[in-house]
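Only the coordinates and a few stated rules stand behind these numbers; no lab work does. Computed from a predicted model, the values in this text were never measured in an experiment. Neighbour counts are summed over all protein chains in view; Cβ atoms, including those assigned to glycine, are modelled from backbone coordinates with ideal geometry.
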Amino acid sequence: MRRKAVVLAAALLAATGLSATRVLAQGFSVYEHDACAMGRAGAGVAAPCSGGSAIFFNPAGIVTGQAGKWNIAAGVTMIPPRGSFSDSVSGTTTDLVKNNIPVPNLYITRQFGTRLAFGVGMFAPYGLTTEWPASFIGHFLSYKATIQSLYFQPTVAYKVSPRLQVGVGVDFVRTMVDLHQYVELSSQLAQPGVTFAMLGVPVGTAFADARIHGDGNATGFHLGVIFKPTDNVSVGARYMSGVTITGSGYAGFTQLATGITLAVGNPFGVPAKTPLDALLASQFSTGALVTQAVSATLPMPAQAVVGVDVALRRDLHVLADVEWTQWSKFEQLPLTFTGASAAQQLPADTLYQGYKDAYDYRLGVEYAASPKLTLRAGYVYNTAAAPTFTVTPLLPEGARSSGIVGAGYQLTDGIRVDLSYMMLKQQDRRGRVIQPPTNGADVNQGLYKFSANLLSASVAFAF
Amino acid sequence: MTFRRLAIAALAVPLLAGCVSNETLGTRPTPAGGALFTSYVALGTSIAAGIQSGGINDSTQKQAYPYLLAVAMGLTPGQDWHYPKFSMPGCPPPYDSILGGHRIAALPAPGCALRDPATVAPYENNLGIPSIRVAQLLDITRLDFKATDTLGLAQFITGSVNPVDMMAAAHPTFVTLEIGANDVLGAATRGTTTLLTPIDTFELYFGLVADKVDATGAKVAVANVPNVTRIPHFTKGSTLFCLKTGACGIPATPPFSLATFSVAANCAPGAASGVGDTYLLGLTATATITSVLAGGGAAKLDCANDTAQVNLGAGFGTAGPTINPTEYATINTLVTAMNTYIAQQAQTRGWALVNLDSALGASAALVPPIPNFSGPAVNLMGSLFSEDGIHPKAAGHQIVATAFKNAINHTFGTGL
């Protein structure tokens, strides 16, 4: 047999499903943007915390009526995701890499008179880091995915009447995406019409480490309203628009050793003991796996929240919110590449995600134990956004249940600190670690477990 | 007191995080044959692979004993038991007339219809590889005996992954090990004992393979090595002597009875003080003599010579490889030693021992003493062996599978 050149087809990317947008097609919202609010389970659209986090929780809430006052609040929430995947075929369990991810927030507000306030906030309502050991069986879908989406929101609020106040903000959004995954060989074309699988290469043979890195900007808006029908009851609502980020970046590939040394009589026509990697090497220097530009549109879903605050006593409030997140925006996600030449350009890809809108139900209690000490507790239930089809290593998302406790302490007239703790447990959910076949067969072959213990701290200055 | 109660209640709130409905892991269904067979891997030779009549395709693969065992275990090929399915007509397609050199379908070079892309898997459960010797289970690139190291299908079957490594990837609960035939077969078919794997080399690598298998925790059934000198690929010199002379209780039969065929007296059966029972002609030699005689040519057989001779008109030349009595004895001694070692290993390791040699030997009556050249090609080698005279066909695989089942049931108390 004559030696045959190994030609990876231009369909490489479609075959691997490599895509930055896939990262975003998961329920990865973050709601912990202030230790005070977190202590109430995030409930508070009808009565946001006073430090300035109302910029996120309800823009209308930044009006305090304290003319001339400045409020500056800063905080951080540590998110240590823990999880695992248990393979029902092999019986093996792989744990997530233990990361501790800080999510910062910053709010500055200024009261102009008793009815008008301006402010600016920085927070990260969407983001994740999901990292598995590179040897994880699911590494063809992702072994490390990072999203950092930072919202910068100038806001103005106005008290229309003693019982009604409104607010509006403009969101300037900057998003960075970084995705690492392996690329599988058996599904690639060795020759036109002949995949490596047809030459015996086993499914699951990694030959490239792919990285997609990109960033982009977008602009949206945020509206809020608070209405107090009685002295003891307040209702509120907010709407944060979805944004579509037009991102750009690059896709790079590093060759991985397959460990395959070809046997005698191999169909490549090369001598026995020839490393298969030697036949693939040129693809990384002159072939389809050279670094190339990538662009994508990355939707960030809209959020809408309604809620109520009831003062059972002067020192005891009960707050309840219902939030809707428009995850259904992730129906199809386009991705395009620009290679150095037509032969090197990977084809455009459109990925079906099939997400559905998700709801959060939040219940919080706040008790003023003393003039300086406030105790808080709450519970959140989140419905799942990911359908059964897309429970993957990127973010094995599912319904979540969280219990929270927190406390705030007024150190001085102008300084308050808040601390909160959240125990989050996601439902154990069956998911997949491989690309699904075209015949629609169920390949959810294992169980994802996911949990986290979040700690949040904030300090607020008023002067 | 109110504050204390509230504080205690609040501290319990995080426990509410457990209020979530979980899905369960699920497990692979236990096959009907029992949990022992949840993941079955076959390490083996071309017999396990399903070679028949010098070729292989999905039809012959489904007739191979590992496939039969998997089905008997309650596994579903293609779902929870994977075999390297070759697209039709094969890789290469089997011969439908091996003497005429005609396969069931012609394919362009390299003559392989490749693997069926719809059935690829992360690992294969049937790891039978044609031509493989015991050392090559550990390292598929070993080429110690280049004349016989024709592992052309290894790439297609495991992707050149070493079979023991792919076995481990399958997390086997049960393994059948059938190895050793190629450590003697290549020498036998080529008529030279220099191609035999020395017994100490065989034992060394068999032991290493056995350690790898045991390391998986799987239960094991191991087959001993069939005596390759009894396969229908070989024709005894004494058979041709008898067909020539009409001795031995069988009539003289054309074309061997023709005057153009001369057989030395030393080719008589052992009962007649000859060595013809231990002088074997390979299929090429037998077929060449037969066709030359039928065509009016001359042939001669002297069991003191290392080759049979045919005359096509330009003088006598070799008809094809043969095994002389010395080589015969060497091969049989080696097979006996290999099987003694395999039996010892089986006993030491608690494996089921499949006496493949005995199972096939018990059906010796179904093996024709000489290829049935005058009958239909499908019956060239009788009812048990395919046209190449080396590999079993469906009925032969049934015997092999039954031998495995009996040994497995006896050792592990199963009901296959």
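Brief remarks on what is shown
- Annotation for A:Glu331 and B:Asn22: the two label points, set 7 Å from Cα along the Cα-Cβ direction, are 3.6 nm apart.
- Global form of the range B:275-416, assessed from the alpha-carbon gyration tensor, a/c cut-off 1.5: oblate
- In loop segments of the range B:308-416 as defined by DSSP, the chymotrypsin sites (Phe, Trp or Tyr not before Pro) with at most 16 further C-beta atoms inside 10 Å of their C-beta are B:Phe373.
- With 28 Å as the limit on Cα-Cα distance, the pairs of B:Lys85/B:Lys393; A:Lys144/B:Lys212; B:Lys85/B:Lys212; A:Lys449/B:Lys212; B:Lys62/B:Lys146 that go past it are A:Lys144/B:Lys212; A:Lys449/B:Lys212; B:Lys62/B:Lys146.
- Taking the C-alpha atoms only, the angle from helix B:2-12 to the longest principal axis of chain B is near 10 degrees.
- Note that the range B:91-97 has calculated 3J(HN,Hα) couplings of 8, x, x, x, 6, 9, 8 Hz, one per residue in order, obtained from phi through the Karplus relation 6.51 cos²θ - 1.76 cosθ + 1.60 (θ = phi - 60°); glycine and proline are x.
- Chain B shape via C-alpha gyration tensor axes, a/c threshold 1.5: prolate
- Long-range tail of P(r) for the range A:57-105 (Cα pairs > 12 Å, %): 77 percent
- Separation of the range A:351-375 from the range A:311-343 is 15 Å, based on Cα centroids.
- Near A:Asp321: Cβ cut-off under 10 Å, other residues only, Lys/Arg at +1 and Asp/Glu at -1. The net charge is 0.
- Calculated P(r) of the range A:303-398 - Cα pairs past 23 Å, %: 54 percent
- Relative to the longest principal axis of the Cα atoms of chain B, the long axis of helix B:199-215 makes an angle of roughly 20 degrees.
- Loop-exposed trypsin sites (Lys or Arg not before Pro) per DSSP, neighbour cap 10 Cβ within 10 angstrom, longest uninterrupted part of chain A: A:99-313
- Per-residue ellipticity at 222 nm computed for chain B from its helices equals -10500 deg cm²/dmol, with DSSP H segments shorter than 4 residues left out and the rest contributing -39,500 (n - 2.57).
- Taking a ≥ b ≥ c as the square roots of the eigenvalues of the Cα gyration tensor, an a/c ratio of 1.5 or more together with a/b larger than b/c marks the protein assembly as shown as prolate.
- Choice from B:Ile399, B:Ile51, B:Ile250 with maximal GNM fluctuation in chain B (Cα, 10 Å cutoff): B:Ile250
- 0 to 90° range, to nearest 10: angle between helix B:283-294 axis and chain B longest Cα axis: 30 degrees
- Two-site label geometry, B:Arg190 and B:Gln347: point separation in nm, points 7 Å out along Cα→Cβ: 3.5 nm
- Chain A - mean residue ellipticity at 222 nm from DSSP helices (-39,500 (n - 2.57) per run, n ≥ 4, rounded to 500): -1000 deg cm²/dmol
- Subtracting the Cα-Cα distance of B:Ala272 and B:Ser59 from their residue separation scaled by 0.36 nm leaves 72.2 nm.
- Fraction of beta bridges assigned by DSSP in the protein assembly as shown that are antiparallel (%, nearest 5): 90 percent
- Overall shape of the range A:4-462 was characterised from the C-alpha gyration tensor. The equivalent ellipsoid obtained from it has semi-axes of 49, 22, 17 Å, in decreasing order.
- For the range B:65-117 versus the range A:153-230, the spacing of their alpha-carbon centroids is 46 Å.
- Of the residues B:Thr414, A:Thr205, the one with the fewest other Cβ atoms within 10 Å heads the list, and the complete ranking is B:Thr414, A:Thr205.
- When only Cα pairs below 8 angstrom with a gap of at least 6 residues are kept, chain B shows a relative contact order of 16 percent.
- Chain A, relative contact order in percent, only Cα pairs under 8 angstrom and at least six apart counted: 20 percent
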